[in-house]
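Working notes, beginning with the structure itself.
The values are calculated or read from the model by the stated rules, or taken from the named source; none is laboratory data. Values in this document were obtained by computation on a predicted structure and should not be read as measured data. Backbone-built Cβ (ideal geometry, glycine too); neighbour counts: all protein chains shown. To get the accessible areas, we keep the full protein, side chains included, count just its heavy atoms, and leave off ligands, DNA and RNA. Shrake-Rupley method; radii C 1.70, N 1.55, O 1.52, S 1.80 Å.
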Amino acid sequence: MAHYRASESKREQYRRYLEKAGVLDSLTNVLVALYEETDKPNNALDFIKHHLGVSGPEASDSEALRQELTDLQQKCQQLTEENKDLRSRLQHYEPTPGEGTAE
C-alpha cells in the first residue's frame, strides 16, 4: 500500500509540473480543436504537431528547397569558373607590374 501511495504522489507531482508548464492547457486546446474540426484530418498526429508548432517543413517545401540549393550550387560553380576564365583573359591585356610603358 505504501508503494501505491508513493507512485500516486509522484504522479501528482508530475501532473502539477505539466500543468505549471502549460503543457496540459496546450494539449487540451489542440485536442478540443481536433474534436471540433468538421472535416477530420487523415493524420491526427500531424494535426496535433501542426497546431503545437512542432511540425517541420512540408515535404513539398523541403523538396523545393533542396532543388533550389542544387540549382544555386551549380550556378555558383558556373560563375566561379567564368570568373576564373575572365581573370585569365584579363591578364593578357593588363601589363604586369614593372612592365609599364616606357617614358
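General remarks:
- Qualifying residue in the range 93-102 (condition: at pLDDT 85 or above and of a type in the set (A, V, I, L, M)): no
- Unmet requirement for Pro57, which otherwise passes all of (1) part of a loop (DSSP other than H, G, I, E, B); (2) at pLDDT 90 or above; (3) surrounded by 10 or more Cβ atoms within 10 Å (Cβ to Cβ): (2)
- Candidates are the residues of the range 23-53 that are farther than 27 Å from Gln13 by Cα and assigned to a loop (DSSP other than H, G, I, E, B); the one that is most open to solvent (accessible area, probe 1.4 Å) is Asn42.
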